[in-house]
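Comments concern the structure below.
Nothing in this text is a laboratory measurement; each read-out follows from the coordinates by a stated rule. Since we're looking at a predicted model, the values are computed, not measured. Please note: Cβ atoms are built from the backbone with ideal geometry, for glycine as well, and neighbour counts cover all protein chains shown.
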Amino acid sequence: MANSPATPLKLTLTNRGRTLILVSALILATSSFAATFSAFNGAAASTTSISAAPVAAEEIIVQPGESYWSIARAIAPGVSTQDVIDQIHQLNPFEGATLQAGTKILVPLVK
């Protein structure tokens with residue numbers, strides 16, 4: 001066998017390859033944007049001080065089927081339900097939109 005000079009390989013992208021590169025670039029750009037947005041949002045949230053007056057509260061046990069909305073309406077029927085829910089969230093460090101039955105939570109005493 002004789003030694004032949006090395007021939008350069010030619011790279012050809014198929015439509016599937018182009019689509020894969022495009023989708024990968026979009027995923028990378030979206031992830032970068034999300035990470036940047038989260039960093040700025042977290043920084044803004046951590047520098048914001050909430051100077052709310054202390055709220056008188058009592059502890060209740062969440063019953064099956066109860067939600068923040070139903071509890072807020074029951075304890076303060078004449079007050080904005082969303083305002084009461086916001087106070088409940090301030091009093092309790094829970095994350096998430098749902099409550100588990102049997103959980104003890106603090107609710108504001110509304111006059």
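Looking at P93, is it over 21 Å from the mean Cα position of the chain (by Cα) and free of Cβ contacts under 8 Å to residues at least 40 places away in the same chain? For P93, the condition - over 21 Å from the mean Cα position of the chain (by Cα) and free of Cβ contacts under 8 Å to residues at least 40 places away in the same chain - is not met.
Taking the criterion of being assigned to a loop (DSSP other than H, G, I, E, B) and touching a residue at least 12 places away in the same chain (Cβ under 8 Å), the residues of the stretch 68-88 that qualify are A76, V79. Checking G102 against (1) part of a helix (DSSP H, G or I); (2) surrounded by fewer than 15 Cβ atoms within 10 Å (Cβ to Cβ), only one condition comes out false. Which one? Here G102 meets the rest and fails (1).
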